[in-house]
Amino acid sequence: MKKRISHVLKRPGLRNGDPSIEIPVAEDLVTTPGIRQVPKDVDFYSRSYPLESQSITNTADSEWAWTVYPEEEQEGHREHVRLSKEVVKISGEYGDIEPTVEPEPGKDVTEEIKAKARDLGFGEVGITRYDRRYTFKYKKRWIRFEHAICIAFEQDYERTQAIPSMFAETTHFGTYRTMSQAGLLLADYIRSLGYHAQVHSPADNSAAYIPMFVQAGLGQLGANGQLLSPHFGSRARLMIITTDAIITYDKPLDYGIHKFCEICQVCVNRCPGRALIRDKVWWRGVQKHKLVYDRCRPVMARYTGCGVCMKVCPVQKYGMKPVMEHYVETGEVLGKGTHELEGYSVEGKGYFGPGELPHFNHDFFDIPHGRSEDMLFEEFKEKLNNHEIPDGPAGDEVLREFKKEVEEIVAKPVDDAMALLPQKEQTAM
Ligand code: SF4
Ligand code: SF4
């Protein structure tokens, strides 16, 4: 049934020189621009329970994942860390480098920066305040500048449709490396305009970025927990550059995604781990679909990063404009119920079409939780309770070994790329 249109959003084309696109939003999809939130609750949680990077808080399951990764996945991780190491280091220190010229007094450089970002291959670019409420605790002192240039790079279309597979996983890592280099070139350009730039490498994230991308008008949060951006939906890989340049902020927009996801639900129904939930919840002051980490992680680790929730999203597959136009014309979700959109294969389990899901037994989801050092303490406590630590020299040796293991863990570097490796290899890098 044809829908009435509430508003039409005009967005820049994918590349410099491309015509702009118009996305119609049906009346029954309208909710709120950006994210539904209670700002005082977001403030409270960020102050009392600051966010922390998973590369710090989830080291126990990262270590476990190495016991189940397929061999090619292990090699993919090692290669990515090897190739990212230098650019992560340069990015981390980039904010200290002085601009190459004096800035033109009072000149707003928003359009110059956006055009340069598109020249460098970023398909989405928007600007907002860097929102410290979403900064990871260990990065809080590192942040220097208040304006965030939000830039998204498109992950290869064909390879993404092959999710879950190593063919697709290599483009995930490869996109991060390509955009890391492009981000450094954009930072060079900002310095050539007379301003500082701090590069938040996608291999070393400083915060949860999606709220800032939404605030900059670059999409809305989907039920799959990913940014649904206008041109390439959840195939967007994200990074941020912060700066002290004179720039103008963008505004959040209502693309109709909150209601659309309630109607679509394809990712929720197709998730092999049943890790996505049907209804939104309030979480740290924000209303959102919340992913159940413990049901996702075991699938991701065993099946090359999984990503089915990205692959089956119609906004990723067809783009937001065709999806929203189809909804206005028919009241239906483009591609829903088709093998083309919903079908996927799982290594060793076979092909699953619409309505079919792989089955995993209960043990499959039994993984370690929290930080590796906490796990070591728990194991140690259990040994004490079971009187497995003898008195005398043999017990001293157990204590020395325990101390050595804890020291190795707490002293390790913590960037996101490095956290892809098992702890022993991190120390050796
Ligand atoms: S990555 Fe896979 S298991 Fe995790 S939420 Fe997405 S579809 Fe589900
Ligand atoms: S698959 Fe559907 S429900 Fe899931 S994020 Fe995409 S549009 Fe939203």
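Summed over the stretch 222-280, residues that are in a helix (DSSP H, G or I), more than 13 Å from ligand 1 (Cβ to nearest atom) and either of a type in the set (Phe, Trp, Tyr) or in contact with a Cys (Cβ under 7 Å, 6 or more places away or on another chain) (or both) total 1. Candidates are the residues of the stretch 82-134 that are assigned to a loop (DSSP other than H, G, I, E, B) and aliphatic (A, V, I, L, M); the one that is nearest to LEU186 (Cα to Cα) is LEU120.
Within the stretch 251-263, residues that are in contact (Cβ under 8 Å) with a residue 12 or more places away in the chain sit with their Cβ atoms under 8 Å from residues that are within 16 Å of ligand 1 (Cβ to nearest atom) and part of a helix (DSSP H, G or I), at 6+ positions apart or across chains, in these pairs: ILE257/VAL315. Go through the stretch 34-79 and give me each residue that's of a type in the set (A, V, I, L, M) and touching a helix residue (DSSP H, G or I) at 6+ places or on another chain (Cβ under 8 Å). The answer is ILE35, VAL42, LEU51, ILE56, ALA60, ALA65, VAL68. Of the set (1) out of contact with any strand residue (DSSP E or B) (no Cβ under 6 Å at 6 or more places or on another chain); (2) within 16 Å of ligand 2 (Cβ to nearest atom); (3) assigned to a loop (DSSP other than H, G, I, E, B); (4) touching a residue at least 60 places away in the same chain (Cβ under 8 Å), all apply to LEU218 but (1). Beta carbons closer than 8 Å, at least 6 apart along the sequence or on distinct chains, pair a first residue in the stretch 165-177 that is under 17 Å from SER91 (Cβ atoms) with a second that is among the hydroxyl-bearing types (Ser, Thr, Tyr) for TYR176/SER84; ARG177/SER84. Counting only residues that are assigned to a helix (DSSP H, G or I), of a type outside the set (D, E, K, R), surrounded by 13 or more Cβ atoms within 10 Å (Cβ to Cβ) and modelled with pLDDT of 95 or more, the stretch 1-58 holds 5 of them.
The number of residues in the stretch 33-53 that are without any contact (Cβ under 8 Å) to a residue 24 or more places away in the chain and within 21 Å of the chain's Cα centre (by Cα) comes to 0. Flag set for GLY273, criterion: over 18 Å from the mean Cα position of the chain (by Cα) and away from ligand 2 (no atom under 12 Å from the Cβ). Checked across the stretch 62-76, the condition of being more than 23 Å from the chain's Cα centre (by Cα), assigned by TED's automatic domain parsing to the domain that holds LYS137 and either in a loop (DSSP other than H, G, I, E, B) or over 22 Å from PHE153 (Cβ atoms) (or both) holds for at least one residue.
Hey, can you tell me all the residues within the stretch 261-270 that are more than 6 Å from ligand 2 (Cβ to nearest atom) and closer than 10 Å to GLY222 by Cα? Passing the criteria: only GLU262. Among what's in the stretch 135-169 and is of a type in the set (Ser, Thr, Tyr) and either in contact with a strand residue (DSSP E or B) (Cβ under 8 Å, 6 or more places away or on another chain) or not in a helix (DSSP H, G or I) (or both), pick the residue that is surrounded by the fewest Cβ atoms within 10 Å (Cβ to Cβ). The residue in question is SER165.
Note on the stretch 188-209: among residues that are surrounded by fewer than 24 Cβ atoms within 10 Å (Cβ to Cβ) and not in a loop (DSSP other than H, G, I, E, B), the one that is nearest to ligand 2 (Cβ to nearest atom) is ALA207.
Do the conditions hold for THR304, that is, is it touching a residue at least 60 places away in the same chain (Cβ under 8 Å), of a type in the set (Ser, Thr, Tyr) and more than 24 Å from GLY76 (Cβ to Cβ)? No, not satisfied.
Looking across the stretch 16-31, the residues that are touching a residue at least 12 places away in the same chain (Cβ under 8 Å) and under 30 Å from ALA115 (Cβ atoms) come down to ASN16, ILE21, GLU22, ILE23, PRO24, VAL25. VAL101 meets all of the listed conditions (1) β-branched (Val, Ile, Thr); (2) touching a residue at least 40 places away in the same chain (Cβ under 8 Å); (3) buried (at least 16 other Cβ atoms within 10 Å of the Cβ) but one, namely (3).
The values are calculated or read from the model by the stated rules, or taken from the named source; none is laboratory data. Everything quoted here is computed from the prediction, not taken from an experiment. Note that each Cβ is placed from the backbone with ideal geometry, even for glycine, and that neighbours are counted across all protein chains shown.
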